[in-house]
1. Restricting attention to segment 21-44, report how many residues are modelled with pLDDT of 90 or more and within 17 Å of Arg105 (Cα to Cα).
2. May I ask you to list the residues in segment 36-93 that are on the phi < 0 side of the Ramachandran plot and among the acidic types (Asp, Glu)?
3. Are there any pairs, at least 6 apart or on different chains, whose C-beta atoms fall under 8 Å, with the first in segment 139-166 and closer than 20 Å to Leu128 by Cβ and the second β-branched (Val, Ile, Thr), and if so, which?
4. Out of curiosity, is Ile168 of a type in the set (A, V, I, L, M), at pLDDT below 85 and either in the same structural domain as Val27 (by TED's automatic domain parsing) or under 30 Å from Leu36 (Cα atoms) (or both)?
5. Kindly evaluate Ser184 against the criterion of being outside the structural domain of Ser38 (by TED's automatic domain parsing), at pLDDT below 80 and farther than 30 Å from Arg32 by Cα.
6. Could you give every pair whose Cβ atoms fall below 6 Å, whose first residue belongs to segment 55-83 and is under 14 Å from Thr13 (Cα atoms), and whose second residue is modelled with pLDDT of 90 or more and of a type in the set (S, T, N, Q), counting only separations of at least 6 or pairs across chains?
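The values are calculated or read from the model by the stated rules, or taken from the named source; none is laboratory data. For clarity, every value in this text was computed on a predicted model and none was experimentally measured. Ideal geometry is used to build each Cβ from the backbone, glycine not excepted, and the neighbour counts take in all protein chains shown.
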Amino acid sequence: MIESWVVGLVCNTVIMVAYLLISVAIVVPLWRSHQLRSNPLGAATAAIFLSCAVHHGAHSVHMLMPEFGIDLAAGYAMRTAWGWPLAISDIVGALVGIWYWSLRRTYSSLMQGAQLFEDLRRREQQALELNDTVLQGMVVAKMALDLGDPTKAHRALDTSIDSASRIITDLLGSEHFAVDMTRSAPADVAAAPGTATATERPTP
């Protein structure tokens, strides 16, 4: 019968390799796109997987050391402590690591480059575009209304609405519009101060 520490050694090695490769798979795209500093979420996630890989790898090394006559006391103590409860948890961890890589192959198109994490530069560009097209268009519309030029105000509002629709489409992706986009609750559009709502307006 296979001893529990042998199962633990093998599974910890599998976990170490899986987590190390995950860390590399995160760091390399971030490095190539120059996001290691600007994307702390991605860098922190890679660091977590790297630390876990080192942790599990240390377990495997300690259990393997007696085979080479190194640090026998610590190695045999680790083997003795590694009972079946720990071995079973390692089996689960190893299966999860293998499952992750099987999913990554299936969804490889979603994980190319730095798409797994937020591209901060793209967010900044989208924020600037919102300001340049939507917000400024609404400002122009308000000024036109204040100056008594409703035609210009309508043109500015139409341009702002078209720009906002295009930006939202880019943010969500076209595939999101194939599903039900119904809101869970209607939008609460408050009336401007001094303006009667639909229920407050007198019936003609």
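1. Residues flagged as modelled with pLDDT of 90 or more and within 17 Å of Arg105 (Cα to Cα) within segment 21-44 amount to 4.
2. Glu67, Asp90
3. If the second residue must be β-branched (Val, Ile, Thr), the pairs left are Ala156/Val140; Thr159/Thr133; Ser160/Thr133; Ser160/Val134; Ser163/Thr133; Ser163/Val134; Ala164/Thr133; Ala164/Val134.
4. On the way: of a type in the set (A, V, I, L, M): yes; at pLDDT below 85: yes; either in the same structural domain as Val27 (by TED's automatic domain parsing) or under 30 Å from Leu36 (Cα atoms) (or both): yes.
Considered against the rule, which asks whether it is of a type in the set (A, V, I, L, M), at pLDDT below 85 and either in the same structural domain as Val27 (by TED's automatic domain parsing) or under 30 Å from Leu36 (Cα atoms) (or both), Ile168 comes out as yes.
5. Values: outside the structural domain of Ser38 (by TED's automatic domain parsing): yes; at pLDDT below 80: yes; farther than 30 Å from Arg32 by Cα: yes.
So Ser184 passes the test.
6. So the pair list comes out as His56/Asn12; His59/Asn12; Ser60/Asn12; Ser60/Thr13.
Rundown of residues vs (1) at pLDDT below 65; (2) farther than 30 Å from Met16 by Cβ; (3) among the acidic types (Asp, Glu); (4) part of a helix (DSSP H, G or I), yes/no style:
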residue	(1), (2), (3), (4)
Ile98	no, no, no, yes
Phe117	yes, no, no, no
Arg121	yes, yes, no, yes
Ala144	no, yes, no, yes
Lys152	no, yes, no, yes
